[in-house]
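Novice: Quick one: the structure is below, and I'll ask about it shortly.
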Amino acid sequence: MTRKTIPYWIRLTAGGLIVAVLTQVLFSDLDLIERWHAFAVDHEDWELDELPLIFLTLLIYVVVNLARHLGRAADLNADLHQEVCNREVAEAELKEAISARDAFFAAMSHDLRTPINGIKGFAEIMRNETFGPIGNEKYREYAIDIHRAASLLDGTVGQVLDVSRMYREGELKVAVEEIDLCSEIRICRDMVAGWTRADGPVSVKLECRSAIILFDQALIRRYIVNLLTNALKYAGPDAEISVRVVPDADGGIRLTVKDTGVGVDSAQVGRLTKAFSRACTNKHEYIEGAGLGLWIVKKIADAHGCGLEIDSAVGEGFSVAMTVPADRVLRPSGDCLTEAA
């Protein structure tokens, strides 16, 4: 029961009882009333007769205010207790919702990726005409479109799962191992080699100085693939895409993924690493994607203590450079290898 529900007469009676008790305690044994009367008679010219009444009035005032503050403190404690209970209930409901979400994403990963992989596999068989000519060039083009759409959906499912894991764990957990950076880049380049643009298959130029670094293998692949697919979607049909690995002045490694496409306004660059943020290259053009690619790229770089620089301007392409610090480089860059595929 809070103070607001206690009747006024009860609180007034309780205050009176408190005053009575205090008066009994103060005056019963010390016989202060008689002493004060004798003192007042001896100093009659001081006019002290009303002083006890004033003191008693002040005492009542203090006691009443003390009771009021104690009541308010009780109300605050009750409200705080209720707030704690409500928060505990909300936290329990939130944990239950997060568990349900994680279970849903895990089921979605399996239930979606299994048919997606089947679609990609059969589309690739038709595209490559493995069992003989299709007979109509349009069918082959459709097979290429099916493979591309399935690859896009597979990548989107992977990004959603990455985002779910990052939000659940608070920070990205990494399993560091020795990685041959150039080898991983070639693997990622081959992963996007099946993508096509309006002017034909994707071509990625590779300029790489071989180096061994300490990195999470799955995450370095996600990092590179995200940037390559981002360049493929936004750069434009005539753009060149390149990946460059060079030594850094401080003993680290600088990995740059760059395209020579349309670029974006420099004012947009700062927000592109936020979740669900997308570059606006043409307001009348829809580009596939959830706006998670660069956000995940930034999370991966941060989790490994790497610096990330994004540089772009309208008509001047788009560049993302990650600097791997020297303490993550086991073997410095060797000879430069240049490839185009």
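Novice: For segment 239-315, please list each of the strands (runs of 3 or more DSSP E) lying entirely inside it that holds at least 3 residues being more than 28 Å from the chain's Cα centre (by Cα), modelled with pLDDT of 85 or more and surrounded by fewer than 21 Cβ atoms within 10 Å (Cβ to Cβ).
Specialist: Strands (runs of 3 or more DSSP E) meeting the threshold: 241-247.
Novice: Another question, then. Can you tell me which residue in segment 92-117 is farthest from SER151 (Cα to Cα), limited to those that are in contact (Cβ under 8 Å) with a residue 40 or more places away in the chain and in contact with an Asp or Glu (Cβ under 9 Å, 6 or more places away or on another chain)?
Specialist: It comes out as LEU112.
The values are calculated or read from the model by the stated rules, or taken from the named source; none is laboratory data. On a predicted model such as this, the values are computed, not experimentally measured, just so you know. For neighbour counting, all protein chains shown are included, and Cβ atoms are generated from backbone atoms with ideal geometry for every residue, glycine included.
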